[in-house]
Amino acid sequence: MAIITRKPRNSSLRFQTFVDTSHLSKNDPEKSLTVGLRKKGGRNAYGRITVRHRGGGARRKYRVVDFLRSVRDVEAVIKTLEYDPNRNVHIGLAVYKNGDKRYILLPDGLKVGDTVIAGQKVDPKVGNCLPIRNVPVGFFIHNVEIKRGSGGKLARSAGTSIQIIGKGDDFATLKMPSGEVRMLSLDCWATVGVLSNADYKNISWGKAGRTRHRGFRPTVRGMAMNPVDHPHGGGEGRSKSGSHPMSPWGKGCKGTRTRRKKNNLIVRRRK
């Protein structure tokens, strides 16, 4: 994969870049694994905005991804590599020998025709899913469970992985993508490998329209507002409010610690 630049035929193409997707399938997504997706606009069940700056965007179909790797001890063949508009990592269609089909997160190095399997005693090779207990120290893993049987929750975005740096009797010590070092039960399941599409973070969107297509609305700086609208607002010229950075509701942000109770499984906090 590589980053593709465009000829600057107009101002909107001058700084745009794209990730090369020539290796991905051009087929429609597997119909049995897609559902309709209704936009929420950042609103919760009461209709109140809980995430700001969301709305609009291109229509999408949701691909049901198997984070649990629920088909165990049955080999699967990767039939297609696909783009998923709902996440920044690519997905692969795994067709099992018993006829089941599942979408899985696509690690680097997995190609069409490769085989993957999930099970207690399988080889720790790229794409295979097994308990952390059976993965050697030093290996990189993704789609990691926090509680056994809950499905993968950690390291699910493009280019991310978690490194196993040690093991004890009941817990493994893991280095997270954030730099945090924490412990997890050896019985939690994980998939071996580093996730694909690592170049995603290097994309230059190039114009406001591409961001709108992704479902993000414009963000206004607090300093550009009036005092009634934001704690940073008001003042003559570009004056600062003199306070620490905060949200429109006065909650601290940009470095303010928000954890309320100590987690004894965290060995070293993220910076």
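Taken together, the values in this text are just the output of simple stated rules run on the coordinates, not laboratory data. Predicted model, so just to flag it, every value in this text is computed and none were measured. Backbone-built Cβ (ideal geometry, glycine too); neighbour counts: all protein chains shown.
With the charge dipole of region 1-136 set up from +1 on Lys and Arg Cβ and -1 on Asp and Glu Cβ about the Cα centre, the Cα lying farthest toward the positive end among the listed residues T50, A94, V122 is that of T50. For the chain, the spread of Cα coordinates along the three principal axes comes to 67, 51, 39 Å, biggest extent given first. Between the C-alpha center of region 140-188 and that of region 201-228 there is a gap of 33 Å.
Between K101 and I203, the FRET efficiency from the beta-carbon distance, with R0 = 41 Å, is close to 0.85. Rounded to the nearest 20 debye, the dipole size of the chain about its Cα centre is 1440 debye, using +1 on the Cβ of Lys and Arg and -1 on the Cβ of Asp and Glu. If only the Cβ of Lys and Arg carry +1 and only the Cβ of Asp and Glu carry -1, the dipole of region 76-136 around its Cα centre is close to 200 debye. Rounded to the nearest 20 debye, the dipole magnitude of region 62-164 is 260 debye, with +1 charges on Lys and Arg beta carbons, -1 on Asp and Glu beta carbons, and the Cα centre as origin.
Estimated from helices alone, the mean residue ellipticity of the chain at 222 nm is -500 deg cm²/dmol (sum of -39500 (n - 2.57) over DSSP H runs with n ≥ 4, per residue). Beta-bridge orientation, region 115-271: approximately 95 percent antiparallel, per DSSP, counting only bridges with both partners inside.
When restricted to Cα atoms, region 1-79 yields an Rg and a Dmax of 18.8, 54 Å, respectively. Sorted fewest first by neighbouring Cβ atoms within 10 angstrom, S25, S178, S32 come out as S32, S178, S25.
Out of R43, R102, R182, any idea which swings most in a Gaussian network model of the chain, alpha carbons joined below 10 Å? Looking only at R43, R102, R182, the largest GNM fluctuation is found for R43.
Of the residues C188, G237, I165, the one whose Cα sits farthest toward the positive end of the charge dipole of region 155-266, with +1 on the Cβ of Lys and Arg and -1 on the Cβ of Asp and Glu, is G237. Using the Kirkwood radius over C-alpha pairs as Rh, can you work out the diffusion coefficient of region 19-126 via Stokes-Einstein at 10 °C, viscosity 1.306 mPa s, in µm² per second? For these conditions, the coefficient is 101 µm²/s.
What does the convex hull of the Cα atoms of region 68-202 come to per residue, in Å³, rounded to a whole number? All intermediate terms of the calculation are to be shown ahead of the outcome.
Working: hull volume 13.6 nm³, N = 135.
Spelled out: Cα convex hull of region 68-202, divided by residues, is 100 Å³.
Here S241, S150, S161 are placed in order of increasing Cβ neighbour count within 10 Å, fewest first, which gives S150, S241, S161. Just so you know, the Cα atoms of region 130-271 work out to an Rg and Dmax of 20.7, 63 Å. Close Lys pairs in region 1-121 (alpha-carbon distance under 13 Å; sequence gap of 8 or more, or different chains): 7. For region 238-244, 3J(HN,Hα) computed residue by residue from phi via the Karplus equation (6.51, -1.76, 1.60; θ = phi - 60°) reads 9, 6, 9, 6, x, 9, 5 Hz, glycine and proline entered as x.
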